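Take a look at the structure set out below.
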Amino acid sequence: MLKSAGFCILFVVGGISPFAYAQDLTIAPAAGELLRLSRQQAIDQALARNYGLIAAREQVEQARAQVVVAAAFPDPSFAADVSGLPHPLSPRSSTGSDQGVAVTIPFPGKTSLRRAVATADLRVAEFNLTQLRQQVASQAVQAYDAILVAKRHADDLITSKGYAQDFLQKTQARFMAGTVAKVDVVKAQVDVSQAENDLIANERTAATARATLNRLLGRSGGAPLELTDDLQIPSSLAAVDALEKLAESSRPELQSLATQLEGARAATRLAGKFWAPDLSVSFTRNAADGTPTSFTSGVSFGIPILFWQHQRGEIAAAQHRESELTASISDIRAQISLDVQTAFANASIALRQAIFIRDQLLPEANEVYRVASASYGLGGSSALDLLDAKRTLLDAERQYADALGAANDAEAALELAIGTSLPKMSTVNTGETHE
């Protein structure tokens, strides 16, 4: 439980993954109204209202429409003419006319290959949307935690200001008793002013973090927010080897490249069908004065006698595209391994630091300050000793708040590196006191 500034906040046990998307979204209030959000609600709102995601969803729908275009049967064509005109602008004086219909029949297999290429493009667009959703969710978590870190700093600074005021009261009492010099009173007054100045500076950090989260939520930067969750130490991490295997099957970039390779192979097969041209069939009705009506049927198709142009052109381009994607897949696999290893190292170290500060540094700093404050009140230590003890305690509290934020951000970055939620592990004991 966090005790500070006359109120308390309960820590929520169990982390929330930025990849655990909720299905039901709460209707967001207007931009100027107060919005109360848990961490998961912030993720849901960002995924539903972020303008970058809206644009990406429209790109998916464009790709879906292109599948229909690729598989569409060619429209038939109609042609008509009149003949025997004494003047080109006198159609009524014609002695004959022709009306014809033509239709192009794709060579068997070409339409399915075109559909396969367009479907691969659709799946790539969907994987790109998935990747962007993961990035936005991770950014929402980090922005949410940045506000919590700023709030915790503010709570610590309020507590520090209380310590400074207590120090000033004790120093004034000792000055009246003649046990300290006037300079100690001045030092105590400066300490109170410094605490107030730190609070003012922290407001800028909080405002920046709030504006960042509001932007991700599609709201104006200064819109009011109230966060209902608090910072907590994340649960322990799974083995890095297991996370690497999970990333191999989950990262949308790798899945997107594999899908592009499938589409490129279909495009290569389609380019190789240059020798099988589409067939154009036409039917024409012929009418002329003084002769019975007759009909003309026609068939036309291209003859790919300049085959080397196709082999060195579209076929070669498609084959090189396959080779490029094969190399890119190997490269992205190596990059994914590096991402997971780096993110795991950051997350594990940040977790260890947060636990160490909570269990070792903070209790010792609190005890040092308690002893120094009691001793100073009894006239047994100097003002410098008490100021140094208070500064040590404030630094420890600031480091702990930063470590909590870093641990949660590192966990979000690790989930982004593996492309899915972290496997459930036993929850680390998060019981703590913050006085």
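Just so it is clear, none of the values below were taken in a lab; they were calculated from the coordinates. Please read these numbers as outputs of a predicted model, since none were measured by experiment. Please note: Cβ atoms are built from the backbone with ideal geometry, for glycine as well, and neighbour counts cover all protein chains shown.
Annotation: amide H of residue 83 within the under-5 Å range of 95, 96, 97, sequence separation 5 or more or interchain, hydrogens built in the peptide plane. By the compact-protein rule of thumb, 2.2 N^0.38 Å, the alpha-carbon radius of gyration of the range 2-418 corresponds to a ratio of 1.67. Axis angle, to the nearest 10 degrees, between helix 252-271 and the longest C-alpha principal axis of the chain: 10 degrees. For the chain, relative contact order (Cα pairs under 8 Å, six or more residues apart, normalised by length) works out to 26 percent.
Helix 316-356 axis versus longest C-alpha principal axis of the chain: approximately 10°, rounded to the nearest ten. Peptides 206-212, 253-259 ranked from most to least packed by the mean count of surrounding Cβ atoms within 10 Å: 253-259, 206-212.
Taking 0.36 nm per residue of separation and subtracting the Cα-Cα distance, full extension of the segment from residue 395 to residue 112 would add 95.2 nm. Here residue 110 is the anchor, and the lysines within straight C-alpha reach of less than 17 Å, apart from those fewer than 8 places off in the same chain, are 273. Spin-label model, residue 220/residue 333: points 7 Å from Cα along the beta carbon direction are separated by 5.2 nm. Given their separation in residues at 0.36 nm each and the Cα-Cα distance between them, residue 38 and residue 239 gain 69.5 nm when the chain is fully extended. With each label modelled as a point 7 angstrom along the Cα→C-beta vector, the residue 228-residue 57 pair spans 2.3 nm.
Using only Cα atoms, tell me the angle between helix 110-177 and the longest principal axis of the chain; keep it within 0 to 90° and round to the nearest 10. The angle comes out at about 10 degrees. For the listed peptides 42-55, 98-111, a ranking on the average number of other beta carbons within 10 Å per residue, highest first, reads 42-55, 98-111. Between residue 38 and 228, the built amide H atoms are under 5 Å apart, and every one of these is 5 or more places off in sequence or on another chain.
Rounded to the nearest 0.05, what FRET efficiency do residue 175 and residue 356 give with R0 = 41 Å and r taken as the Cβ-Cβ distance? Could you check?
0.55
Between residue 326 and residue 101, the C-beta separation translates, for a Förster distance of 56 Å, into a calculated FRET efficiency of about 0.75.
Each peptide in 336-348, 220-232 receives the mean, over its residues, of other Cβ atoms within 10 Å, and ordering these scores from highest gives 336-348, 220-232. Per-residue extension of 0.36 nm, minus the Cα-Cα distance of residue 83 and residue 249, leaves a gain of 52.9 nm for this segment. Over the chain, DSSP H runs of length four or greater, each weighted -39,500 (n - 2.57), average out per residue to a 222 nm ellipticity of -21500 deg cm²/dmol.
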